[in-house]
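Beneath this line is the structure, given in structure tokens, with notes to follow.
Every number here is computed from the coordinates shown, using simple stated rules; none is lab data. Given the structure is predicted, the values throughout are model-derived calculations rather than measurements. Cβ placement follows ideal geometry from the backbone for every residue including glycine, while neighbour counts extend to all protein chains displayed.
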Amino acid sequence: MSNYHIKHLEEYYQIYRKSIREPENFWEEVAEEHFVWRKKWDKVLSWDFSKPEIKWFEGAKLNITENCIDRHLVTRGNKTAILFEPNNPDEPAEHISYNELHERVNQMANVLKDHGIKKGDRVCIYVPMIPELAISILACARIGAIHSVVFAGFSSTALSTRINDSDCKMVIAADGSYRGAKTIDLKGIVDEALESCPGVESVLMVKRINSDIKMKKGRDKWLQPLLDEASTQCPAEIMDAEDPLFILYTSGSTGKPKGMVHTTAGYMVYTAYSFKNAFQYRENDVYWCTADIGWITGHSYIVYGPLANGATTVLFEGIPSYPDFGRFWDIIDKHKVNQFYTAPTAIRALAKQGSELVEKFDLSSIKVLGSVGEPINEEAWHWYNDNIGKNKSPIIDTWWQTETGAIMITPIPYVTPTKPTYATLPFIGVQPAIVNEAGEELKGNQVEGRLCIKFPWPSMARTIWRDHKRYKETYFSTVKNMYFTGDGALRDEVGYYRITGRVDDVIIVSGHNLGTAPIEDAINEHPAVAESAIVGFPHEIKGTALYGYVTLKDAGEGRIHDNVRKEINQLITERIGPIAKLDKIQFTQGLPKTRSGKIMRRILRKIAERDTSNLGDISTLLNPECVQDIIDEAL
Ligand code: WT7
């Protein structure tokens with residue numbers, strides 16, 4: 001089909017204009033020509049951002065796994081669908097063909113059915129980066145169960161909160177995971193979590209590290225013997241276009257995590273279309289995204305997007321530094337990777353190691369480099385471009401969110417001229433707007449403000465699981481009739497977008513989205529703590545790291561402070577996970593507050609950034625005197 005692969009900038013503008021002027025016609029054509037439907041839609045789009053209610057392809061019937069697997073069997077049955085590269089480089093890579101994927105997904109789907117899982121039930125998946133993770137996801141989709149993947153680096157508290165929020169009946173887990181030279185005991189975390197999850201009836205266990213774990217009778221079962229017995233045929237459940245496909249939690253600026261709900265047809269159409277065009281994927285290319293499937297990047301661009309295109313997608317279990325910092329380049333060389341998609345934090349960590357490790361490998365297969373998760377700084381961009389792309393492979397700086405489901409602003413490689421630190425142009429069908437504090441759209445170029453989206457796109461999250469009110473408040477109440485992203489952005493003189501960072505209380509650390517409130521809640525659980533506030537500050541590798549201001553009930557010092565620091569980070573690790581640990585903890589006598597008692601984070605942020613020349617007017621604070629103390633005692 002002509003409008004599937006975009007070939008040059010003029011064509012991009014043509015297609016873009018069509019997608020904006022006639023969105024229904026545009027997406028209908030894409031949907032008709034590139035997917036298999038059990039029944040076509042009655043209506044392409046209906047929407048109302050004031051409710052908000054968004055429906056794409058209403059009335060259509062389909063199963064996403066028929067699009068990601070079955071339809072490829074005739075032409076691509078023996079092609080590698082998933083190329084699994086284990087943590088240990090001496091363990092052989094596994095090539096899972098589309099035929100084999102079909103069999104394994106069906107077997108898993110049958111095991112789920114045998115355990116009482118039906119259409120609409122929620123299944124929590126807490127599995128590390130091994131093929132069973134992708135297979136579990138697809139098995140849920142096969143039978144219409146709603147998967148909720150929890151990143152296997154989250155703590156037991158984070159896991160149980162997520163299981164309970166969506167009433168999961170089943171957990172699929174692994175005994176443990178490999179992380180470089182270490183192993184992590186996942187079953188212990190699951191057992192702890194399930195102490196407070198009465199709704200979970202069964203736990204299916206994948207064996208990965210062969211650790212000696214305890215199985216709870218009547219609840220836990222080893223998966224492999226069940227799979228061995230299961231049939232390799234399982235009819236696909238016929239789903240409505242707007243049936244939920246999955247829930248994925250993301251942190252909010254306040255309170256508990258938000259279970260973003262993605263539905264079936266729109267998500268499929270947009271992730272597949274964006275995968276093909278944003279990566280310029282061609283048949284026989286080998287594509288690799290280094291994200292974890294526990295995040296949206298992995299859902300959309302390791303599993304669904306690539307498989308819907310019949311692509312070969314690499315699934316890497318390990319970490320960039322094991323057995324040494326050359327591992328990524330080794331894998332690119334070994335599997336002749338054509339599209340490589342990673343995060344700025346990884347690029348910075350690898351750049352720090354110099355280019356010697358890179359030069360040992362042949363990276364000539366690379367055609368496209370991708371970046372995602374946080375703004376990519378100029379230095380990292382150039383290192384990536386010079387050393388990995390050898391100045392010939394375009395870098396696509398892709399901006400998007402868990403909520404958007406798929407890429408929203410990105411260059412199209414070999415089509416859009418790139419510009420360091422700019423995500424450049426909206427993807428097809430996306431209508432961004434820059435809005436000022438008063439909620440007015442700033443038209444024209446050379447403007448800066450809050451980034452919003454004016455019109456629905458097919459893969460947008462439809463609601464927050466069982467909390468539609470919060471969905472409306474968070475995304476549709478800041479600016480009338482627009483989706484508010486929570487990010488700031490500018491549009492330059494040619495219309496290119498640059499994302500300037502979060503404008504709310506979400507902090508992006510090493511590409512992970514962390515809310516300040518849950519971290520502060522964890523700190524405040526410490527018996528010695530009176531109150532706390534978290535802000536971000538610039539960090540060489542992480543991009544942004546966490547700086548905590550903590551007021552103790554009784555001002556201690558020296559050893560007491562050292563102990564409390566350690567205990568605070570332990571608490572955070574237990575409640576959320578090690579990714580949320582604080583890099584700096586400063587003890588304070590008090591925190592600057594407005595007269596209504598709200599902590600003035602803006603001031604704390606400036607102090608953490610060592611930029612105290614312009615703190616603005618602090619005279620209206622309830623306790624302006626504490627500001628100088630905090631500056632004097634800053635770390
Ligand atoms: C937030 C969303 C997109 C999947 C992974 C993260 C930040 C993401 C970029 C980029 C600047 C970026 C934004 C966004 N972000 N990509 N290319 N340039 N910032 O998904 O965890 O939902 O986080 O990540 O602040 O709002 P997420």
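Summary table below
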item: Helical contribution to [θ] at 222 nm, DSSP H n ≥ 4, -39,500 (n - 2.57), averaged over the chain, rounded to 500; result: -8500 deg cm²/dmol
item: Net dipole in debye of segment 550-611 [+1 Lys, Arg Cβ; -1 Asp, Glu Cβ; about Cα centre; nearest 20]; result: 400 debye
item: Amide proton proximity set for I585, modelled H, under 5 Å, gap of 5+; result: G548
item: Cut-off under 5 Å, modelled amide H: who pairs with R502 long-range; result: G488
item: ³J(HN,Hα) computed for each position of segment 179-185 - Karplus, 6.51 cos²θ - 1.76 cosθ + 1.60, integer Hz, glycine/proline x; result: 9, x, 7, 9, 10, 10, 7
item: Using a Förster distance of 41 Å, the FRET efficiency for E53-E195 (Cβ separation, nearest 0.05); result: 0.60
item: Positive-end residue of L552, N614, Q570, charge dipole of segment 524-615 with Cβ unit charges; result: N614
item: Listed pairs K221/K542; K480/K553; K360/K419; K216/K256 exceeding 32 Å between Cα atoms; result: K221/K542; K480/K553
item: Lys, Arg +1 and Asp, Glu -1 on Cβ, resulting dipole of segment 510-634 about Cα centre, debye, nearest 20; result: 320 debye
item: Sorted peptide list for 454-462, 163-171, 499-507, criterion being average Cβ within 10 angstrom, highest first; result: 454-462, 163-171, 499-507
item: Förster radius 45 Å - calculated FRET efficiency between K7 and D611, Cβ distance, rounded to 0.05; result: 0.50
item: Full-extension gain in nm, W222 to K454, via 0.36 nm per residue minus C-alpha separation; result: 78.7 nm
item: Rough spin-label spacing in nm, given labels placed 7 Å along Cα→Cβ, for K352 and E229; result: 5.0 nm
item: Listed residues I247, A343, L101: farthest to the positive end of the dipole of segment 9-489 (Cβ charges); result: I247
item: Contour excess over end-to-end distance, with Cα ends at V74 and V494 and 0.36 nm allotted per residue; result: 146.6 nm
item: Segment 361-402 versus segment 269-314: alpha-carbon centroid distance in Å; result: 16 Å
item: Residue among A522, S532, I499 farthest towards the positive dipole end of segment 425-565, charges placed on Cβ; result: I499
item: Estimated inter-spin distance, D362 and K43, nm [label 7 Å along Cα→Cβ]; result: 5.7 nm
item: Inter-centroid distance (Cα atoms) of segment 19-55 relative to segment 412-446, Å; result: 23 Å
item: Cβ-placed point charges (K, R +1; D, E -1), dipole of the chain about Cα centre in debye, nearest 20; result: 840 debye
item: Phi to ³J(HN,Hα) by Karplus 6.51 cos²θ - 1.76 cosθ + 1.60 over segment 484-495, Hz, x for Gly, Pro; result: 9, 7, x, 9, x, 7, 10, 10, 7, 5, 9, x
item: Fully extended contour minus Cα-Cα distance, from I631 to T594, at 0.36 nm per residue; result: 11.5 nm
item: Distant-in-sequence amide H partners of R122 (H built 1.01 Å from N, under 5 Å); result: I146, K169
item: Set K214/K581; K276/K367; K258/K469; K113/K169; K276/K352 screened for pairs whose C-alpha atoms are more than 20 Å apart; result: K214/K581; K276/K352
item: Across the chain: Cys residues that no other cysteine approaches within a C-beta distance under 4.7 Å; result: C68, C140, C197, C234, C289, C452, C626
item: Label-point separation, E378 to M215 (7 Å along Cα→Cβ), nm; result: 5.9 nm
item: J(HN,Hα) series, segment 45-60, from Karplus relation 6.51 cos²θ - 1.76 cosθ + 1.60, nearest Hz, glycine and proline x; result: 8, 9, 7, 7, 6, 7, 7, x, 9, 10, 10, 10, 6, 4, x, 6
item: Cleavage-rule hits, GluC sites (Glu not before Pro), segment 141-223, DSSP coil, Cβ neighbours within 10 Å at most 12; result: E195
item: Distance from segment 103-129 to segment 175-251 (C-alpha centre basis), Å; result: 9 Å
